[in-house]
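Heads up: the structure comes next, in C-alpha cells.
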Amino acid sequence: MVIFGASGDLTKRKLFPALYSLAARQLLPEKFGVVGVARTEESDDEFRERMKAAVQEFGRDDFREEVWQGLADGMHYVAGTADDGDEVFKHIDDALAGLDRDRGTGGNRVYYLAVPPSAFETIVEGIGKHRPSEGWTRLIVEKPFGHDLQSAQELNALLHRHFDETEIFRIDHYLGKETVQNMLAPRFANGIFEPIWNRQFIDHIQITVAETLGIEGRADYYEHAGAIRDIFQNHLLQLIALTAMEPPIDFTADSIRNEKVKVLKAMHTPGPKHVVRGQYGRGYIEGQEVPGYREEEGVDPSSMTETFVAAKLFVDNWRWADTPIYVRAGKRLARRETTIAIHFKRAPHPPFEEAAAEGLRPNVLLIHIQPDEGVSLAIGAKVPGQGLQIRTVHMDFLYGGAFRTDLPEAYERLLVDCMRGDASLFTREDEVIEQWQLVDAIVAFWRRDRPTFPNYAAGTWGPPSSDELLGRDGRAWRRH
Ligand code: BG6
C-alpha cells in the first residue's frame, strides 16, 4: 500500500490505527507492506516512530509491541511530492520492488490518495506511468471528490485515463461504518419490515447528522466546502440511498450500487423554500464557551460558508412518492448524533386517544448510527395500574449489549475490502455524478440571496428556519 499524504492528519488518526487493528486481528494479508509518501524529509525509522506514536494515541486496541513490529518491518518512507517529477516515483518503485522481494507482495498495489485534490493530477499521472506489469493495481481516492459536477467529471476523466472503474475506490467513510451496513439488515434480513417500508405505512423520514465539533483547524478546506459539500453531498445522500433503495438482486458491488443510484436519480431538486442553511455563532458546548464560526482561525470574518444545512427531499418513485425525507447536518450542534428515524403513519382508528397520557405518538423506528449504536422501536403501551393509560415505550437493540464486542472503525473495513477487490462500500462514478447534480442545483439558488449569518448559537439545534421547515408541514424534528 502506498499512502500519498503520509504526514497528514488522516494517515495519523485513521489509516495507521486501522492498519494496526487489522494486524492485531490477523486480518491483514501476510504479504503486506506500506510505503508512506509526503513532503517532509524523514527516514524510514522516523516514519515508523511517528506512526507508532499515532497508533498509541488514536488506536482502539491496546498496543502490543510484537503486533506493531510485524507491521513496522514492512514500512518505508519516501520524501517528495509529485511535483518533483519522475524522481519521486523512481524512489517509490525502488521501495515497492524491495517489498515485492522481501514480503512477496507480487506486484499488487493499493495507492491511497490522502492528499488535497490539487495534488491528484500529477500523482495519478505518475502512478499510471509506473504501474507494474504484473499483479493488480487499485486506487483509493479520499473525499472531497470534486467541488461541483464539472470538477468531479474532470476528476473521473483523469482517473479513467489510467484506471478502469473497477480499480477506482472512492471513499465515503460512512459506508464503512458497521451501523450503516446494518441499515440493510432490518429490511432485507427480516420479513416484517419490507412490506411496510413504503409510502403506504411511512409518514416521513428524518435523518440527522449532528456534530458538536467545530471545524477542527480545517478552515482552508471548510471555507470552500461548507456543510453541503462536506456532509450532505456524500454521507447524507448515501444514507438516503441506503434507506430508500429497492432490494438488490444479490449483494455484489454492482447490484447494490445499481439500486442506490436509482434512488439518487429519482430525487428531484428541492425548491429554495425546502433547503435552509445556517452558520454558528458563539455559544456553549458541554458547558464550555466556544467561538463562532467567523471567529475560528483562518475563517474570513464575514464568511458566508454554511455550517448547517437542512432540507426536505423527495424520492420520486412508486415506493416513496409524496413521502418527505427531512435531513439536517451541522457542526457545533447540541449533541453528537447520527440517526435515521422512520416515522410511521398514525394508527388508523384511535380508540385510545383519550387514554394517551402524553398523546399517543406514531411508531418510530430509530436507527442509531452513532453514538449508542443500535436500533429502537417506539410503540404505545399500557401504563400498569387501574384504568387504561397509554404511553410510548421503546424496544431497544444495542450493539454493545447484544454482541459484547467493539465495533470496528470504518477504515478497517474499507481498507480490507479494497485489498480484496470488493467495491460494494465505495461510491461508483454514476452515484457521485448524481450527488453533485443535486448539490449544484441547491448551490445555484443559494447564490441569489445572502442570509444573515450567524443564525444559530453553538450548542443549539440549528437556525429557527430548520424547525419551520417541518413546522409548515405540521411536523417537528424528533425530540432529543
Ligand atoms: C468527514 C467530514 O467526512 O466526516 C468531517 O469531512 C466530519 O467534517 C466527519 O467531522 C464526521 O465523521 P464521523 O465518522 O466522526 O461521523
Of the residues His274, Pro29, Ala378, the Cα lying farthest along the dipole of the chain towards its positive end, which is defined by charges on the beta carbon of Lys, Arg, Asp and Glu, belongs to Ala378
Vicinal HN-Hα couplings computed from phi for region 423-439 (Karplus, 6.51 cos²θ - 1.76 cosθ + 1.60; Hz; Gly/Pro x): 9, 3, 9, 10, 8, 7, 3, 5, 5, 4, 5, 4, 4, 5, 4, 5, 5
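Net charge near Asp406: determine it from the other residues with C-beta under 12 Å of the C-beta of Asp406, scoring Lys and Arg +1 and Asp and Glu -1.
Working: positive: Arg25, Arg60, Arg404; negative: Asp61, Asp62, Glu178, Glu373, Glu409, Glu412.
Residues close to Asp406 contribute a combined charge of -3.
Diagonalise the Cα gyration tensor of the chain and give the resulting equivalent ellipsoid semi-axes, square root of 5 times each eigenvalue, largest first, whole Å.
41, 25, 23
Restricting everything to alpha-carbon atoms, can you work out Rg to Rh for region 125-233 with a Kirkwood hydrodynamic radius? The partial results should precede the final answer.
On the way: Rg = 19.2 Å, Rh = 17.9 Å.
Here the Rg-to-Rh quotient is 1.08.
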If you plug each phi of region 67-72 into the Karplus form 6.51 cos²θ - 1.76 cosθ + 1.60 with θ = phi - 60°, what whole-Hz ³J(HN,Hα) values come out, in order, with x for Gly and Pro? 5, 4, 4, x, 6, 5
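Given the DSSP H assignment, sum -39500 (n - 2.57) over each helix run of at least 4 residues in the chain and divide by its residue total; what's the result at 222 nm in deg cm²/dmol, nearest 500?
On the way: 15 runs with 156 residues, N = 480.
Roughly -9500 deg cm²/dmol at 222 nm, from the helical runs in the chain.
Can you give the convex hull volume per residue for the Cα atoms of region 386-480, as a whole number of Å³?
On the way: hull volume 25.8 nm³, N = 95.
With only Cα atoms used, region 386-480 gives 272 Å³ per residue.
Could you rank the peptides 92-104, 380-392, 454-466 by their average count of other C-beta atoms within 10 Å per residue, with the highest value first? It would help to have the intermediate numbers written out before the result.
Working: 92-104: 16.4, 380-392: 12.5, 454-466: 21.0.
Those peptides, ordered most packed to least, come out 454-466, 92-104, 380-392.
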Going by amide H atoms built from the backbone, whose H comes under 5 Å of the H on Ser303, apart from near neighbours? none
In the chain, if the dipole is taken from +1 on Lys/Arg beta carbons and -1 on Asp/Glu beta carbons about the Cα centre, which of Pro132, Tyr456, Val2 is farthest to the positive end? Tyr456
Nearest-ten-degree value, helix 149-162 long axis tilted from longest Cα axis of the chain: 40 degrees
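Would you please name the trypsin sites (Lys or Arg not before Pro) within region 260-308 that are DSSP coil residues with at most 11 other C-beta atoms within 10 Å of their C-beta?
none
Taking the beta-carbon count within 10 Å as an exposure proxy, list Ser133, Ser7 from fewest neighbours to most.
Fewest-to-most ranking of Ser133, Ser7: Ser133, Ser7.
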Can you list the HN-Hα couplings for region 473-478, worked out from phi with the Karplus curve (6.51, -1.76, 1.60; θ = phi - 60°), rounded to whole Hz and with x for Gly and Pro? 9, x, 10, 9, 4, 3
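Treat every Asp and Glu Cβ in the chain as -1 and every Lys and Arg Cβ as +1, leave all other atoms uncharged, and give the resulting dipole magnitude about the Cα centre to the nearest 20 debye.
2020 debye
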Nearby lysines by direct alpha-carbon distance to Lys90 (threshold 18 angstrom, same-chain neighbours under 8 apart not counted): Lys129
So what's the angle, to the nearest 10 degrees on a 0 to 90 scale, between helix 410-420 and the longest Cα principal axis of the chain? 50 degrees
Would you mind calculating the relative contact order of the chain from Cα pairs under 8 angstrom and at least 6 residues apart, reporting the percent as a whole number? 17 percent
Enumerate the amide H contacts of Arg109 below 5 Å, restricted to partners 5 or more residues apart or on another chain; note that Pro and chain-start residues carry no placed amide H. Trp136, Thr137, Arg138
For region 1-125, count all C-alpha to C-alpha pairs, find those more than 27 Å apart, and express that count as a whole percent of the total. 13 percent
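Over all directions, how big on average is the projection of the convex hull of the alpha-carbon atoms in region 57-195, in square nanometres? Don't skip to the end; give the middle numbers.
Details: hull surface 51.2 nm².
It is 12.8 nm².
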To test your reading of the geometry: what angle, between 0 and 90 degrees and rounded to tens, separates the Cα axis of helix 44-58 from the longest principal axis of the chain? 20 degrees
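Over region 242-326, calculate the relative contact order: mean separation of alpha carbon pairs under 8 Å at least 6 apart, over the residue count, as a percent. Display every interim value, and only then the final one.
Values: 103 pairs, mean separation 23.3, N = 85.
Relative contact order, region 242-326: 27 percent.
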For the chain, give the share of DSSP beta bridges that are antiparallel, in percent and rounded to the nearest 5; count only bridges with both residues there. 60 percent
Share of Cα-Cα pairs in region 246-365 beyond 17 Å, whole percent, is 74 percent
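Where does region 285-420 land on Rg(C-alpha)/(2.2 N^0.38 Å)?
Details: Rg = 21.0 Å, N = 136, 2.2 N^0.38 = 14.2 Å.
That ratio works out to 1.48.
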Hey, if you put +1 on the Cβ of every Lys and Arg and -1 on every Asp and Glu Cβ in region 362-453, which of Val443, Gln389, Leu414 ends up farthest toward the positive end of that dipole? Gln389
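Quick note: the coordinates plus some simple rules give every number you see, no bench work behind them. Computed from a prediction, not measured in an experiment: that's the story for all the values here. Here Cβ is always computed from backbone atoms with ideal geometry, including for glycine, and neighbour counts include all displayed protein chains.
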